[in-house]
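Have a look at the structure below, then the notes.
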Amino acid sequence: MVEIMVSREDIKLEVLGLINKYSRTPYPNLGEETPIQEIEIDSIDLMEIMFHIEEKYGVGIDDNDISDISIVKDVVDISSRYLNSE
Amino acid sequence: MGRVVITGIGLITPLGHSWDDFGVRIINGDSGIKPTQLTDGDREFNIPTARIEDFDPEEELPNCKVASLGRNSHLSVFAARNALAMSGLEGGDVSGLVVGVSSPSNEVLDDGYRRLFSGSGRASPIFIPKAMTNAPVSAVSIDLGITGFSYSVASACSSANHAIINAALYIQSGHAKTVLCGASDAGLTFSNLNAWNGMRVLAQDTCRPFCKTRSGIVLGEGAVFFMLEDQQHAEKRGARILAVLDGWGQSSDSFSMTTPHVEGIERAIFGAVESANWTSEKVDYFNSHGTGTPLNDLAENDALFGVFGKPADKILVSSTKSVHGHLLGASGGIELAATLAAITRHKIPPTMNMVEKDDRINLSVVSENAENEHVKRALSASYAFGGHNTVLAVSAPM
């Protein structure tokens, strides 16, 4: 198995880009502490964002992890954990 | 009964992104049809199409969730915003919304099924809401803040006219004062064009309605929306009235999935004329379905003579599909727009590419040498696979 090593910063940029892509309008000062509820995205958009991460990096993220997401940092952390675990 | 008037139009078509551009180009006979090469991996498919150019939804649709929508929804939102803006109404003023579609979002289906069958084997979470047949109407409802009734109608190439008729019925019956309606189609994909080509109905050169050397349909894409309004409501608020929707006719062939049926078309034309309380002498212009297939053109010719008798040869007829292609679910929308251009610009949009008229066509087909005409009353016809016939009767405001 090929080990995937992606920096946390790269993942963060990827996630922020995806959030902006699926938002009605770019969220001002979007950052890791931004609550997901404040961003104009639906829960299904969040699932789509995770789907993009999964497809791009060939990982499978557990549904339970997605349901625990409350701020942007959670998305980055979860993605980072899966991408850089074995 | 409320009288139905048109107080707004918005469109995005192969002949322009604005009502003004479209009006100039359709009257000039400018063509939106171009040779097109579609590819799938190393496979190529070359066919003429009428494609929308210079439209970047990210740029053109600010404050819209573009990534979550398919192309037919992008086109719908763009056209609906412009129809609403022209009407001078706000989304919250609009009683309801009806949108015609002929299929789910083609490119979304392609991408989704490709991923499922030959990619990762998984479906995107937004595959269904992005592809679903009612996505365009929902996208418009969300975008414009329309909270009354909203739904889509699907009757193949009569979808737009059925949407318009549905909207008009609400106003005529007094159930609504303002209804936004229209249609959208964006099916110029490798898969859809090949599927149509399987029926051997696609022209390989261009669309030549009523021409001896015609070879079939050219598919196009676009969205066209109209604000229909109760006349008194429109007058009271000082709205500009583009035209009056005097009547409409609908029929089913109950005959064949694909073969046009003269009697069915006759019933729809007759229904439109009767409901508008017109006679043949009152019809200045007939925007035909005019697909450019021999079966359609001859059936349409015979149906007009069947309804009007010999005076049918006095009615000026054109097929604007010769320049904007066949927009399938949205064809009735773009053809009503062409008909409104005839009424507002006092000239018949020509039938282009008619090198030599088919001897069996006895109608007065307007070609590129169109003279100025004062068009007061006009019919716009759409018929569909499945045998759904629809004809709209529109007139200039008094």
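The values are calculated or read from the model by the stated rules, or taken from the named source; none is laboratory data. In this text the structure is predicted, and so the values were computed from the model without any measurement. Cβ sites come from the backbone with ideal geometry, for glycine too, and all protein chains shown count toward neighbours.
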Quick one: B:Leu295 ticks every box in (1) within 30 Å of B:Ser18 (Cα to Cα); (2) surrounded by fewer than 18 Cβ atoms within 10 Å (Cβ to Cβ) bar one, so which box is it?
(1)
Search result, residues across the range A:67-81 that are out of contact with any strand residue (DSSP E or B) (no Cβ under 9 Å at 6 or more places or on another chain) and modelled with pLDDT of 90 or more
A:Ile69, A:Lys73, A:Asp74, A:Val75, A:Val76, A:Asp77, A:Ile78, A:Ser79, A:Ser80, A:Arg81
Residue set A:Glu38, A:Glu86; condition at pLDDT 90 or above and surrounded by fewer than 17 Cβ atoms within 10 Å (Cβ to Cβ); output residue A:Glu38
Hey, among B:Arg240, B:Arg200, B:Arg208, which residue is crowded, with 21+ Cβ neighbours inside 10 Å, farther than 23 Å from B:Gly100 by Cβ and charged (D, E, K, R)?
B:Arg208
Do we have A:Glu48 as in a helix (DSSP H, G or I), within 11 Å of chain B (Cβ to nearest Cβ) and touching a Pro at 6+ places or on another chain (Cβ under 8 Å) here?
yes
Just need a number here: residues in the range B:66-77 that are under 15 Å from B:Ser141 (Cβ atoms) and surrounded by fewer than 24 Cβ atoms within 10 Å (Cβ to Cβ).
1
Scanning the range B:243-288 residue by residue, the ones that are in contact (Cβ under 8 Å) with a residue 60 or more places away in the chain, surrounded by 17 or more Cβ atoms within 10 Å (Cβ to Cβ) and farther than 22 Å from B:Asn372 by Cα total 20
Only one of A:Leu30, A:Leu18 is within 19 Å of B:Ala67 (Cβ to Cβ) and not in a helix (DSSP H, G or I). Can you tell me which?
A:Leu30
Scanning for something more than 27 Å from B:Leu38 (Cα to Cα) and within 16 Å of the chain's Cα centre (by Cα), does the range B:130-137 turn up at least one residue?
yes
Kindly state which helices (runs of 4 or more DSSP H) lie completely within the range B:91-210 and contain at least 3 residues that are among the β-branched types (Val, Ile, Thr) and more than 14 Å from chain A (Cβ to nearest Cβ).
B:159-172
Within the group A:Asn20, A:Asn29, which residue is surrounded by 12 or more Cβ atoms within 10 Å (Cβ to Cβ) and more than 14 Å from A:Ser70 (Cα to Cα)?
A:Asn20
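Every residue, every condition in (1) within 28 Å of B:Met1 (Cβ to Cβ); (2) charged (D, E, K, R); (3) modelled with pLDDT under 95, yes or no:
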{"site": "B:Ser275", "(1), (2), (3)": "yes, no, no"}
{"site": "B:Asp302", "(1), (2), (3)": "no, yes, no"}
{"site": "B:Thr339", "(1), (2), (3)": "yes, no, no"}
{"site": "B:Pro349", "(1), (2), (3)": "no, no, no"}
Given the structure, is B:Thr293 touching a Lys or Arg at 6+ places or on another chain (Cβ under 8 Å), closer than 15 Å to B:Arg208 by Cβ and β-branched (Val, Ile, Thr)?
yes
Candidate set from the range B:51-62 (those that are in contact (Cβ under 8 Å) with a residue 12 or more places away in the chain and closer than 22 Å to A:Glu40 by Cβ); member that is nearest to the other protein chains (Cβ to nearest Cβ):
B:Leu61
Subset of the range B:48-65, residues surrounded by 15 or more Cβ atoms within 10 Å (Cβ to Cβ) and assigned to a helix (DSSP H, G or I), comes to B:Pro57, B:Glu60
Can you name every residue in the range B:34-48 that is touching a Pro at 6+ places or on another chain (Cβ under 6 Å) and closer than 15 Å to B:Gly187 by Cα?
B:Pro48
So B:Phe45, is it more than 26 Å from A:Val59 (Cα to Cα), assigned to a helix (DSSP H, G or I) and among the aromatic types (Phe, Trp, Tyr):
no
Scanning the range A:54-79 for residues that are within 19 Å of A:Asn20 (Cα to Cα), assigned to a helix (DSSP H, G or I), away from chain B (no Cβ under 12 Å) and not acidic (Asp, Glu) gives A:Val72, A:Lys73, A:Val75, A:Val76, A:Ile78, A:Ser79
Can you go through B:Ser256, B:Ser322, B:Ser280, B:Ser288 and tell me which one is among the hydroxyl-bearing types (Ser, Thr, Tyr), touching a Ser or Thr at 6+ places or on another chain (Cβ under 7 Å) and farther than 17 Å from B:Ser159 by Cα?
B:Ser322
Within the range A:4-12, is there a residue that is out of contact with any helix residue (DSSP H, G or I) (no Cβ under 7 Å at 6 or more places or on another chain) and closer than 30 Å to B:Asp143 by Cα?
no
Can you name the condition, by its number, that A:Asn20 falls short on among (1) over 13 Å from A:Val76 (Cα atoms); (2) under 10 Å from the mean Cα position of the chain (by Cα)?
(2)
Looking at B:Thr213, B:Thr178, can you tell me which residue is more than 20 Å from B:Asn287 (Cα to Cα), in contact (Cβ under 8 Å) with a residue 40 or more places away in the chain and surrounded by fewer than 20 Cβ atoms within 10 Å (Cβ to Cβ)?
B:Thr213
From the set of residues in the range A:16-33 that are more than 13 Å from every other protein chain (Cβ to nearest Cβ) and among the aliphatic types (A, V, I, L, M), which is farthest from B:Pro125 (Cα to Cα)?
A:Leu30
